[in-house]
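Peer 1: Dropping a structure here in structure tokens format, bear with me for questions.
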Amino acid sequence: KWIRRARVGTSWVSGTDVPLDESAETYNVTVLNASGATVRQLTVSGPFTAPAQPTWVYTAAQIAADGFTTGNTITFQVYQNSDQGVPGSSSTTAIIL
């Protein structure tokens, strides 16, 4: 799961989630193998009403179908889509299976 950020003219002042400043809340998720090749790409769609956060579960069946085995590194990249046609900055994390 991840936390949405404001993209246009919004600041975080109340301690609650910032308002959505896009027509829809969607994210692109990319799964890469150790050589950096994309093995899976998908879109996760909202709305996600607080306190719910955008979430995607990479199941054991998907992991196996994508060719990963114990000891492999899996890298995930997530970015928010935009009405302006410019994707948000991507966040990246990796795990060792």
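The values are calculated or read from the model by the stated rules, or taken from the named source; none is laboratory data. Bear in mind that the values here come from a model prediction, so they are computed numbers and not experimental data. A quick note on method: Cβ atoms are made from the backbone with ideal geometry, for glycine too, and the neighbour counts reach across all protein chains shown.
Peer 1: Pairs only if they're at least six apart or on different chains, beta carbon under 9 angstrom, first in the range 22-33 and more than 10 Å from VAL78 (Cα to Cα) and at pLDDT 95 or above, second assigned to a loop (DSSP other than H, G, I, E, B) and not acidic (Asp, Glu); list them, first residue then second.
Peer 2: Sorted first by the residue in the range 22-33, then by its partner, the pairs are ASN33/GLY67; ASN33/PHE68; ASN33/ASN72.
Peer 1: Ok, one more. Give the range 26-35 a look and list any residue that's part of a loop (DSSP other than H, G, I, E, B) and either surrounded by 16 or more Cβ atoms within 10 Å (Cβ to Cβ) or in contact with a His (Cβ under 8 Å, 6 or more places away or on another chain) (or both), or say none.
Peer 2: ASN33
Peer 1: Still on this structure, I have one more. Scan the range 38-61 and tell me whether some residue there is of a type in the set (Gly, Ala, Ser), surrounded by 11 or more Cβ atoms within 10 Å (Cβ to Cβ), modelled with pLDDT of 85 or more and within 19 Å of TRP2 (Cβ to Cβ).
Peer 2: Yes - at least one qualifying residue is present in the range 38-61.
Peer 1: Could you check SER89 against (1) at pLDDT 75 or above; (2) surrounded by 14 or more Cβ atoms within 10 Å (Cβ to Cβ); (3) under 11 Å from the mean Cα position of the chain (by Cα) and say which number it fails?
Peer 2: (2) is the only condition that SER89 fails.
Peer 1: Spot the failing condition for THR10; the list is (1) modelled with pLDDT under 95; (2) loosely packed, with under 12 Cβ neighbours inside 10 Å, and only one is missed.
Peer 2: Of everything listed in (1) modelled with pLDDT under 95; (2) loosely packed, with under 12 Cβ neighbours inside 10 Å, THR10 misses just condition (2).
Peer 1: Inspect all residues belonging to the range 72-88 and state whether any of them is free of Cβ contacts under 8 Å to residues at least 24 places away in the same chain and among the aliphatic types (A, V, I, L, M).
Peer 2: yes
Peer 1: Kindly state which strands (runs of 3 or more DSSP E) lie completely within the range 36-97 and contain at least 1 residues that are of a type in the set (Phe, Trp, Tyr). Write out each step before concluding.
Peer 2: Values: elements: 38-45, 73-80, 91-96.
Counting at least 1 such residues, we get 73-80.
Peer 1: I've got another one for you. Of the conditions (1) out of contact with any strand residue (DSSP E or B) (no Cβ under 7 Å at 6 or more places or on another chain); (2) closer than 17 Å to LYS1 by Cα; (3) surrounded by 14 or more Cβ atoms within 10 Å (Cβ to Cβ), SER82 clears all except one; give me its number.
Peer 2: (2)
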